[in-house]
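Below you'll find the structure, written out as structure tokens, and then a few comments.
The values are calculated or read from the model by the stated rules, or taken from the named source; none is laboratory data. What you are looking at is a predicted structure, and each value in this text was computed from that prediction instead of being measured. Quick reminder, even Gly has a Cβ in these numbers, built from the backbone with ideal geometry, and neighbours come from all protein chains shown. Calculation scope for accessible area: heavy atoms of the full protein, side chains included, ligands and nucleic acids excluded. Shrake-Rupley method; radii C 1.70, N 1.55, O 1.52, S 1.80 Å.
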Amino acid sequence: MHEITVLLKKLVFDVQKEFYDERGRGARYRLTRVGVPFFEEMMGKDLPNMEHIKEWLIKNKFCGDITVNEDEFSVEILVNNCCLLDIRSEWEKHKVPPLACPIANAFMYSIELDGGMAPELLPIEGQENSCKLTLAKMGTSEVLKKE
Amino acid sequence: MEKKDAFFQVVADRRSIRDYTDGQLTEDEIKMILESARLAPSGENAQPWRFIVVKDEEKKKFLAQISKNGSGRRFTGEYLSKQMQQRFETLQDEEKKRAAFKKLTSGEVSAFVDKAHIILIVIGKKDVWDTPYDCSAAIENILLAVTSLDLGACWVIAPCIDVRDELKLKAYFDIPDEYKVISIIPIGRPSRVPRPRPRISLEELVFAEKYGEFYYQ
């Protein structure tokens, strides 16, 4: 990897870590728009549906593969070989759960545009070369039916 | 009553009030509350706080809805990730536990704000050094002034903790970009004053000279 790319990734992590050290867990709620303006610029102002986002990310080599599963209350997105994995690894080294994910933010924004409700990103579950992103679609006590 | 006793009584009596009567605040009461905020300390005396007094029912409903969505979303996420179940692990009564889950995931826990007579929106200038700290000091003064007037208030961050909600709130109330929304504070005449919440003892909170050595043994 080119040193400039390494530096840029380190900087992204450092800035987020400094912000976490200042704001604590609440920092994650201040990062829910990170990356969205870029994806809007690339894919159009009104981010298209999730399938299109998925195809665009794979086509442009941001990720190796993405699978999306959806039910009444949540959307599960498995992102393989993401270009931002190194940043997640930095969080793991510091034993802090990753704060934010621009790819999750793009999907969340698309869902919000579609249904009017902003989703909630659950803690990111890191696997070897993939991340499981789970989005709660909205706040609803109906979720109690799901055991 | 001596000044120190009166002060401590107000501090000890403060509660987060979420149930209100239809009673209104007088303009004198509103002014005293705002005056207490104005007198709060701020870094370099920057006084970065500004306050929007909201009485209009439609605007209060907007704030209630955005608060409900914010809380509901967060707690639904906590339920799905099982964090909520862990948090309530020690609660044995299944019925109570389920009722708590329902209240939290629905967002109702923050939807009460429109029941108050007024809602103060506290915003802070970004172009100063210490806005969150300064505004928090002003908010605490507000809460204590409210208590001293036998009124009730609650410090609510649900409608602005997430940047997505804050942006909606700023657009609705025409808040310029150079300000950050810090919190909202519904204020009214309390219809129910809850019992004090459990507090960590001083023995556990205070250290002597360095972290780890307890001051109170």
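Structural remarks
- Furthest towards positive pole of dipole, B:145, B:110, B:16, structure part chain B, Cβ charges: B:110
- Shielding value for A:132-142 is 6, the average number of Cβ atoms from other chains within 10 Å of each residue's Cβ.
- Where A:20, B:79 fall by accessible area, highest first, once all protein chains stay in place (1.4 Å): A:20, B:79
- Heavy-atom surface of region B:20-120, accessible at 1.4 Å and reported per residue (Å²): 55
- Counting every pair of alpha carbons in region A:1-50, the share spaced more than 17 Å apart comes to 54 percent.
- Across region B:1-118, the volume of the C-alpha convex hull divided among the residues equals 203 Å³ per residue.
- For region B:151-217, the alpha carbon convex hull comes to 182 Å³ per residue, rounded to a whole number.
- Descending semi-axes in Å of the protein assembly as shown, equivalent ellipsoid built from Cα gyration tensor: 38, 24, 23
- Where chymotrypsin sites (Phe, Trp or Tyr not before Pro) fall in DSSP loop in region B:148-217, at most 14 other Cβ within 10 Å: B:211, B:215, B:216
- Relative contact order (%) - criterion: Cα under 8 Å, at least six apart; region: chain B: 32
- When the other protein chains are added to the chain by itself, burial of at least 50 square angstrom of heavy-atom accessible area (probe 1.4 Å, ligands and nucleic acids ignored) affects these residues of region B:45-76: B:73, B:76.
- Which of A:36, B:25, B:123, positive extreme of dipole for the protein assembly as shown (C-beta unit charges): B:25
- Peptide A:71-77, shielding by other chains (average Cβ, 10 Å cutoff): 1
- With every protein chain in place, chain A: carbon and sulfur % of accessible area (1.4 Å): 53
- The charge dipole of chain B, taken about its Cα centre with unit charges on the Cβ of Lys, Arg, Asp and Glu (plus for the first two, minus for the last two), comes to roughly 780 debye.
- Amide H contacts for residue B:183 (H built 1.01 Å from N in the peptide plane; partners 5 or more residues away or on another chain; cut-off under 5 Å): B:122.
- Rounded to whole Hz, the Karplus (6.51, -1.76, 1.60) HN-Hα couplings of region B:99-107, x for glycine and proline: 5, 5, 4, 5, 5, 5, 5, 6, x
- Scanning chain B for GluC sites (Glu not before Pro) in DSSP loops with at most 16 neighbouring Cβ atoms within 10 Å leaves B:90-177 as the longest stretch between them.
- Under the Karplus curve 6.51 cos²θ - 1.76 cosθ + 1.60, θ = phi - 60°, whole-Hz ³J(HN,Hα) for region B:133-149, x wherever Gly or Pro sits: 5, 4, 5, 5, 5, 5, 5, 4, 4, 4, 4, 6, 4, 4, 4, 5, 8
- Relative contact order computed over region B:95-193 (Cα-Cα under 8 Å; 6+ residues apart), in percent: 41
- Neighbour cut-off at most 15 other Cβ (10 Å), DSSP loop, trypsin sites (Lys or Arg not before Pro), region A:44-75: A:45, A:61
- Summed buried accessible surface, chains B and A, 1.4 Å probe, nearest 100 Å²: 2300
- Charge dipole (chain A, unit charges on Cβ, about Cα centre) - positive-most of A:111, A:81, A:139: A:81
- Counting heavy atoms of the protein chains alone, residue A:137 has an accessible area of about 40 Å² for a 1.4 Å probe.
- Computed over chain B, the alpha-carbon pair-distance distribution with 10 angstrom bins reads 8, 27, 34, 24, 7, 0, each value a whole percent.
- Here chain B has 52 percent of its accessible surface on carbon and sulfur atoms, given a 1.4 Å probe and all protein chains in place.
- Taking a Cβ cut-off of under 13 Å around residue B:125, the surrounding Lys, Arg, Asp and Glu residues balance to a net charge of -3, with basic ones at +1 and acidic ones at -1.
- Hydrodynamic radius of chain A per Kirkwood, over alpha carbon pairs, in Å: 16.0
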